[in-house]
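**Q** Next up is a structure, given as structure tokens.
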Amino acid sequence: MAPLNLFRVDLVKFTPRGDERGWLIALENLQEVPFEIRRVYYIYGTQPHVRRGKHAHRHLRQLAVCLRGSCRFHMDDGKAKREFLLDRLDRGLLIEPMVWHEMDEFSPDCLLMVLASGPYEEIDYIRDRSSWQAELPVQE
Ligand code: TYD
């Protein structure tokens, strides 16, 4: 599958810190998280066969971390599509501006945490796919 190269859509690897007591993962602004965190939200109790997301953001940057269970992200930057299964505590998925994203295959116990660079603002959402396509920058 072709890599997404217009926008940076990728899994970020976190460093687990372990000792005889167990494990700890730390996420810091401008370190593991490549932006200043202004909001945290989490999705849980997702019903079977539900597909969430189905939008892109004009400016918001997000990092999704599945803290329990698993779910699948479908990402589209207008040039290529990629899927990511989030099922590890030491991986986060960057969701950059203008990337259309949908999530499905939530396990019943899925706890999906999302770190965001800004407050919730409906005006930043593009929920209509043809509007999103029209707003995409011209690509080579
Ligand atoms: P929605 O955007 O439908 O979630 P998703 O796109 O991830 O499937 O959000 C569900 C509801 O929660 C909707 O009424 C908006 C509200 N909401 C907030 O109030 N604050 C937030 O940070 C988010 C992400 C959603």
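**Q** Only Lys, Arg, Asp and Glu count, each charged at its Cβ (+1, +1, -1, -1), so figure out the dipole size of the chain about its Cα centre, rounded to 20 debye. Walk me through the intermediate numbers first.
**A** Details: 20 positive and 22 negative charges, 27 e Å.
Dipole about the Cα centre, nearest 20: 120 debye.
**Q** Can you list residues from other chains, or at least 5 along the same chain, whose modelled amide H is less than 5 Å from the amide H of residue 33?
**A** Placed amide hydrogens put 28 under 5 Å from residue 33.
**Q** If you scale each eigenvalue of the Cα gyration tensor by 5 and take the root, what three semi-axes come out for the chain, rounded to whole angstrom and sorted largest first?
**A** Details: eigenvalues 130, 59, 44 Å².
With the √(5λ) rule applied to the chain, the semi-axes are 26, 17, 15 Å.
**Q** Something else now. Using +1 at the C-beta of Lys and Arg and -1 at the C-beta of Asp and Glu, which of 118, 49, 137 has the Cα lying farthest in the positive direction of the dipole of the chain?
**A** So the residue furthest toward the plus end is 49.
**Q** Let me ask something else about it. Build a GNM of the chain with springs between Cα atoms under 10 Å: which of 126, 25, 37 gets the top mean-square fluctuation?
**A** The residue that fluctuates most here is 25.
**Q** Related question: Tell me which residues come under 5 Å, amide H to amide H, from residue 118 once H is placed; ignore anything under 5 positions away on its chain.
**A** 38, 39, 61
**Q** Okay, moving on. If I take R0 = 30 Å and measure r between the Cβ atoms of residue 17 and residue 120 in this structure, what FRET efficiency does the formula 1/(1 + (r/R0)^6) give, to the nearest 0.05?
**A** On the way: r = 32 Å, r/R0 = 1.05.
Efficiency, rounded to the nearest 0.05: 0.40.
**Q** Given springs between every Cα pair under 10 Å in a Gaussian network model of the chain, which of 97, 16, 108 has the largest fluctuation?
**A** 16
**Q** Under 18 Å from a point placed 7 Å out from the Cα of residue 107 along the Cα-to-Cβ direction: which residues of the stretch 65-84 have their backbone N that close?
**A** 65-74, 84
**Q** Could you tell me the relative contact order of the chain? Use alpha-carbon pairs under 8 Å, at least six residues apart, and round to a whole percent. Don't skip to the end; give the middle numbers.
**A** Numbers: 311 pairs, mean separation 47.1, N = 140.
Relative CO of the chain lands at 34 percent.
**Q** Let me ask another. Using 0.36 nm per residue, how much length does the chain from residue 83 to residue 40 gain when fully extended, once their Cα-Cα distance is taken away?
**A** Working: separation 43, 0.36 × 43 = 15.48 nm, distance 2.30 nm.
Here the answer is 13.2 nm.
**Q** List, in order, the whole-Hz ³J(HN,Hα) value for each residue of the stretch 92-99 obtained from phi through the Karplus relation with A = 6.51, B = -1.76, C = 1.60 and θ = phi - 60°; use x for Gly and Pro.
**A** The phi angles translate into x, 10, 7, 10, 8, x, 6, 8 Hz.
**Q** Right, something else. Defining a contact as two alpha carbons under 8 Å apart and six or more residues distant in sequence, what relative contact order in percent does the stretch 26-90 show?
**A** Values: 42 pairs, mean separation 14.2, N = 65.
Dividing the mean separation by the residue count of the stretch 26-90 yields 22 percent.
Quick note: the coordinates plus some simple rules give every number you see, no bench work behind them. What you see is a predicted model, and the numbers here were worked out from it, not measured in a lab. Ideal geometry is used to build each Cβ from the backbone, glycine not excepted, and the neighbour counts take in all protein chains shown.
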